[in-house]
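Let me begin by presenting the structure, written as structure tokens, before commenting on it.
Derivation of every value follows stated rules applied to the coordinates shown; laboratory data play no part. Since we're looking at a predicted model, the values are computed, not measured. Neighbour counts run over all protein chains shown; Cβ positions are idealised from the backbone, glycine included.
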Ligand SMILES: Cc1cc2nc3c(=O)[nH]c(=O)nc-3n(C[C@H](O)[C@H](O)[C@H](O)COP(=O)(O)O)c2cc1C
């Protein structure tokens, strides 16, 4: 059975909550809170599948607990060949609609650069209403976008659907 690592950077707990829901929805999953539990890039080695979670801040940037690990990844390019990776995170499409969940794409680029297999878990942008997102390509967002500020009532369904999608796409 594939071992799944759910790595989450979350300042206010929204993306962490999504990570906890995902942990429940997969059989062999472990949640790693980047703030307390992250031990270094070697930790990715323990898993076959990585679900990478981060809220978006600043000018479309990943949450602060991801800043150092992503910087190290860019410098050290650890070999993530063979790992299936998908991205999720919270944002705010109204107040920060000029960079809605852009962090997902910034992280995808870095994981891809390290040889990870990305492209899983893209979702339709339908049902969202924002100005711009780096994460958007050809009508899709490159991962699961959650907006607990404007669309909290959709979160549970979005997470459940995404988990089913990943199980199918990744053969889990
Ligand atoms: C100063 C500030 C900057 C933000 N920048 C963005 C942004 O660029 N894009 C976006 O989608 N959301 C942005 N947000 C919204 C947060 O991502 C959102 O509140 C999210 O739910 C936080 O999730 P977390 O609790 O997992 O950290 C910003 C929020 C604040 C307060």
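Could you work out, for the chain, what percent of all Cα-Cα pairs fall into each 10 Å distance bin, beginning at 0 Å and stopping at the bin that holds the largest distance?
Reading upward from the zero bin: 11, 45, 37, 8, 0.
Between residue 79 and residue 20, how many nm apart are label points set 7 Å from Cα along the C-beta direction?
The answer from the label model is 3.8 nm.
Could you work out the Kirkwood radius for region 11-112, taking every pair of different alpha carbons, averaging 1/r and inverting it, reported in Å?
Over region 11-112, the inverse of the mean reciprocal pair distance is 14.2 Å.
Below 8 Å between Cα atoms, with a sequence gap of 6+, how large is the relative contact order for the chain in percent?
Relative CO of the chain lands at 22 percent.
Can you give the extra length, in nm with one decimal, that the chain gains between residue 161 and residue 149 once fully stretched, where that is 0.36 nm per residue apart less the Cα-Cα distance?
Extra length available between residue 161 and residue 149 comes to 2.3 nm.
Label residue 131 and residue 68 with points 7 Å out from Cα along Cα→Cβ: what is the distance between them in nm?
Spacing of the two 7 Å Cα→Cβ label points: 3.4 nm.
If each Cα of region 128-172 is one equal point scatterer, what is log10 of I(q)/I(0) from the Debye formula at q = 0.14, 0.17, 0.32 Å⁻¹?
At q = 0.14, 0.17, 0.32 Å⁻¹ the computed log10 ratios are -0.40, -0.58, -1.14.
Rank by packing, highest mean first: peptides 71-81, 53-63, 2-12, with packing defined as the count of other Cβ atoms within 10 Å averaged across residues.
Result, highest mean first: 53-63, 2-12, 71-81.
With 10 angstrom as the radius, rank 170, 107 by how many other C-beta atoms surround their C-beta, starting from the fewest. Could you put the intermediate results ahead of the total?
On the way: 170 17, 107 27.
Listed from fewest to most nearby Cβ atoms, that is 170, 107.
Among 24, 138, what is the fewest-to-most ranking by other Cβ atoms within 10 Å?
Least to most surrounded, the residues fall as 138, 24.
Treat the count of other C-beta atoms within 10 Å as a stand-in for reagent exposure and order 42, 28 from fewest to most.
If I rank by nearby Cβ atoms, fewest first, I get 42, 28.
Show that you can apply the helix-only estimate: for the chain, add -39,500 (n - 2.57) for every DSSP H stretch of four or more residues, divide by all residues, and state [θ] at 222 nm to the nearest 500.
Counting only the DSSP helices, I get -9000 deg cm²/dmol.
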